Structure formats: C-alpha cells, structure tokens
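Visitor: Quick one: structure below, then a few questions.
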Amino acid sequence: MAVEPVVLMGVSGAGKSLGKSLQEAMDCMFLDADDFHSQNSKQKMRQGVPLTEEDRFPWLETLQGTLRKNIAMGQQVVLSCSALRKGYREVLRSADESYKQGSFRSRVRFVLLDAKAEVLEARLLRRLAEGKHFMQVDQAEGILTVDATLKPEAVVNVIQVSHTLGKQMVTA
C-alpha cells in the first residue's frame, strides 16, 4: 500500500494533538510541526512578535523534507501543522515528488480540524495558563481571525471538533 502522510491542520487549539491517538491507531510516526520551529522563531512567538514569511519558509522546507523522507522510506506519518495558507499546503504537498503544482493530486492528505471560536479560545487560554505553549494570548486571538477566512480546497477533509473527535478519527 502506498504511503499517504496525513497532515492534521487547523488553528492552535483545534485538536491537532489528537494526532497522537491517530498515531497509535495507524501504528505510525507522529510529528508536531511546532517542534520544528527554530529557537529564534519560538523566542519571537514568546515575545509576541509575529513570524515573517522568511521565518516560516525554512520551517516549511524542513517539514517538506521530513515528509519526503518518510514517503521514500515507505513509512506512514501523521503531522500536526497549522497549514492555514494554501501556499504552505503546496509546499507540504510537494513532499510527494510526483506532485504537479496546483493539481492537488498528492499522496499528502490534509484534514482540517474545525472548531467553534469559543472552544478554541477556552483551549488556548487553558494551555497558555498551564504554560504548555509558547504563543502569546494576543497572537492566539489573531489566529482565530485567520480561521474565519480559511477556504480549504476540495481535497481537504473537514472534521468538526468535539469531545468525541478521537473516537471519530480512529474509526474513520
């Protein structure tokens, strides 16, 4: 069977960490894109400084290379990554060397985890209070706004996030 990396995408607080449950169900590797940010980028986010495209591009290239390596080795992988911009998804899709830009035909699959703003806000505030994320509250509010304008392409599967999401993902 061909390897098809799964990218769990969505705003911070949407439930991308459920990839760990998916990892167990699929018996595969789980990667959190946040772990691939440079120390400089993490420091910027801690200080409330938005990342620039120049900050993000090397990060995306590293993620792309990691997915490409897993495809080449025949290893299934689940990656949690915001991937909110179409251009970012294009970079990740091109981890499949047979991918032709703009065609959306790629072995890399995207699942958009969608949640109501109040659910996201509660999760983010809890994580920030517990010191479990490097993002600042004002950055999180900006990301909630980005989600409202997200128009995923047809090949992005959308799952409404709820407390039963883990069960839905494992049985899907």
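Visitor: Excluding same-chain residues fewer than 8 positions from Lys69, which aspartates and glutamates have a Cα within less than 18 Å of its Cα?
Guide: Answer for Lys69, where 18 Å is the Cα cut-off: Glu4, Asp27, Asp32, Asp35, Glu61, Glu90, Asp96, Glu97, listed by chain and number.
Visitor: Which of the peptides 103-113, 20-30, 47-57 is most tightly packed, and how do the rest follow, judged by the mean count of other Cβ atoms within 10 Å per residue?
Guide: On the way: 103-113: 18.3, 20-30: 15.1, 47-57: 12.0.
Taking the mean over residues of other Cβ atoms within 10 Å, the ranking is 103-113, 20-30, 47-57.
Visitor: Moving on. Asp32 versus Lys86, label points 7 Å from Cα toward the beta carbon: distance in nm?
Guide: For Asp32 paired with Lys86, the spin-label model returns 3.1 nm.
Bear in mind these aren't lab numbers, they're just calculated from the coordinates by the rules spelled out. As the structure is a prediction and not an experimental result, all values here were calculated from the model. Ideal geometry is used to build each Cβ from the backbone, glycine not excepted, and the neighbour counts take in all protein chains shown.
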